[in-house]
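Q: Dropping a structure here in structure tokens format, bear with me for questions.
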Amino acid sequence: EPEVTQTPSHQVTQMGQEVILRCVPISNHLYFYWYRQILGQKVEFLVSFYNNEISEKSEIFDDQFSVERPDGSNFTLKIRSTKLEDSAMYFCASSGLKRGLSTDTQYFGPGTRLTVL
Amino acid sequence: GDSVTQMEGPVTLSEEAFLTINCTYTATGYPSLFWYVQYPGEGLQLLLKATKADDKGSNKGFEATYRKETTSFHLEKGSVQVSDSAVYFCALSSTSYDKVIFGPGTSLSVIP
């Protein structure tokens, strides 16, 4: 079964450093998303991406965040200058037209745990 | 704005007990409703979904019915197993490809 993959599984960084979280969505999906889950809290939407541009972003997604689809297969989330409060699990998701899969269901990756020290 | 409310738990049940996790939502229009499950140390997996009123989603013995009149989507399972221990998230999406809005999650522990 096709799946969303994410790397790395765990990233440790120093406050103020830049990090890039990587995702490979399900092939032929057209819509891509990032969510985060601070430990013990609910899953929160960050941003959605379609047709090479952001379609919606939350108030969490400030100027420190950016997304990119650099090569037609990867989908990245960059945090330019990490803060302690960025420590969380970050989930990538994708949805869209794919034979055998529902078009309105988002499929989530396993997540990247980001720890900012 | 749209939102999801669910019982937060933790819920502890004995094996083979009946499970109900309540979920209610607030949304304009007719959202799609989902239950996602997160096993310890893992990501989010879609458990089941329903896209219109009176639809019943089912998977792995779990069921939930989309009740528009009560704006609810309660998760049920007749006989839980230890392997069902996880966090369960009720969620909605207002339109196709829209963001998913999650409830706070309900932690379930099933003891032998």
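The values are calculated or read from the model by the stated rules, or taken from the named source; none is laboratory data. Predicted model, so just to flag it, every value in this text is computed and none were measured. Heads up, the Cβs are rebuilt from the backbone with ideal geometry, glycines too, and the neighbour counts pull from every protein chain shown. These area figures cover heavy atoms from the full protein model, side chains too; ligands, DNA and RNA do not enter into them. Shrake-Rupley method; radii C 1.70, N 1.55, O 1.52, S 1.80 Å.
Q: Go through (1) surrounded by 14 or more Cβ atoms within 10 Å (Cβ to Cβ); (2) within 11 Å of chain A (Cβ to nearest Cβ); (3) not polar (S, T, N, Q) for B:Glu42 and report which single condition fails.
A: Of everything listed in (1) surrounded by 14 or more Cβ atoms within 10 Å (Cβ to Cβ); (2) within 11 Å of chain A (Cβ to nearest Cβ); (3) not polar (S, T, N, Q), B:Glu42 misses just condition (1).
Q: Looking at (1) open to solvent by 10 Å² or more (accessible area, probe 1.4 Å); (2) β-branched (Val, Ile, Thr); (3) modelled with pLDDT of 95 or more, can you tell me which one A:Thr112 breaks?
A: Status for A:Thr112: all satisfied but (1).
Q: Ok, one more. If I ask for residues that are assigned to a strand (DSSP E or B) and either touching a Pro at 6+ places or on another chain (Cβ under 9 Å) or within 12 Å of another protein chain (Cβ to nearest Cβ) (or both), which ones from segment B:96-112 would you list?
A: Step one: filter segment B:96-112 for residues assigned to a strand (DSSP E or B), giving B:101-102, B:106-111.
Of everything in segment B:96-112, those that are assigned to a strand (DSSP E or B) and either touching a Pro at 6+ places or on another chain (Cβ under 9 Å) or within 12 Å of another protein chain (Cβ to nearest Cβ) (or both) turn out to be B:Ile101, B:Phe102, B:Thr106, B:Ser107, B:Leu108, B:Ser109.
Q: Please list, ordered by first then second residue, the pairs with beta carbon atoms under 6 Å, 6 or more apart or interchain, first in segment A:31-53 and within 25 Å of B:Glu8 (Cβ to Cβ), second among the β-branched types (Val, Ile, Thr).
A: Taking only residues 6 or more apart or on different chains, the pairs are A:Trp34/A:Val47; A:Tyr35/A:Val43; A:Gln37/A:Val43; A:Leu46/A:Ile60.
Q: Sticking with this one: Within segment A:36-61, how many residues are closer than 13 Å to A:Arg113 by Cα and at pLDDT 95 or above?
A: Selection size over segment A:36-61: 1.
Q: So A:Gln17 passes all but one of these: (1) in contact (Cβ under 8 Å) with a residue 40 or more places away in the chain; (2) more than 12 Å from the chain's Cα centre (by Cα); (3) part of a strand (DSSP E or B). Which condition number does it fail?
A: Status for A:Gln17: all satisfied but (3).
Q: It is to be established whether one or more residues within segment B:50-60 are in contact with a helix residue (DSSP H, G or I) (Cβ under 9 Å, 6 or more places away or on another chain) and open to solvent by 50 Å² or more (accessible area, probe 1.4 Å). Can you show your working first?
A: Taking segment B:50-60 first, the residues in contact with a helix residue (DSSP H, G or I) (Cβ under 9 Å, 6 or more places away or on another chain) are B:60.
Still in the list and also open to solvent by 50 Å² or more (accessible area, probe 1.4 Å): B:60.
Taking every residue of segment B:50-60 in turn, at least one turns out to be in contact with a helix residue (DSSP H, G or I) (Cβ under 9 Å, 6 or more places away or on another chain) and open to solvent by 50 Å² or more (accessible area, probe 1.4 Å).
Q: Among the residues of segment B:65-95 satisfying the criterion of being open to solvent by 10 Å² or more (accessible area, probe 1.4 Å) and hydroxyl-bearing (Ser, Thr, Tyr), which is nearest to the other protein chains (Cβ to nearest Cβ)?
A: Ranking the candidates gives B:Thr95 first.
Q: Here are some conditions: (1) away from chain B (no Cβ under 14 Å); (2) modelled with pLDDT of 95 or more. A:Tyr33 meets all but one. Which one does it not meet?
A: Just one mismatch for A:Tyr33, condition (1).
Q: Here's a follow-up. What are the residue pairs meeting all of these: first residue in segment B:4-32, first residue more than 14 Å from B:Lys77 (Cα to Cα) and open to solvent by less than 70 Å² (accessible area, probe 1.4 Å), second residue in a strand (DSSP E or B) and among the basic types (Lys, Arg), Cβ atoms under 9 Å, and 6 or more apart or on different chains?
A: B:Ser32/B:Lys49
Q: I would also like to ask the following. Suppose we keep only residues that are small (Gly, Ala, Ser) and either surrounded by fewer than 19 Cβ atoms within 10 Å (Cβ to Cβ) or at pLDDT 95 or above (or both) within segment A:94-109. Which one would you say is nearest to the chain's Cα centre (by Cα)?
A: First pass over segment A:94-109, keeping only residues small (Gly, Ala, Ser): A:94-96, A:100, A:102, A:109.
Next, only the ones that are either surrounded by fewer than 19 Cβ atoms within 10 Å (Cβ to Cβ) or at pLDDT 95 or above (or both) stay: A:100, A:102.
Numbers: A:Gly100: 24, A:Ser102: 20 Å.
Of everything passing the filter in segment A:94-109, A:Ser102 is nearest to the chain's Cα centre (by Cα).
Q: Also, quick follow-up: Which residues, taken from segment A:1-37, are open to solvent by 40 Å² or more (accessible area, probe 1.4 Å) and aliphatic (A, V, I, L, M)?
A: Listed by number, the residues that qualify are A:Val12, A:Met15, A:Ile20, A:Val24, A:Leu30.
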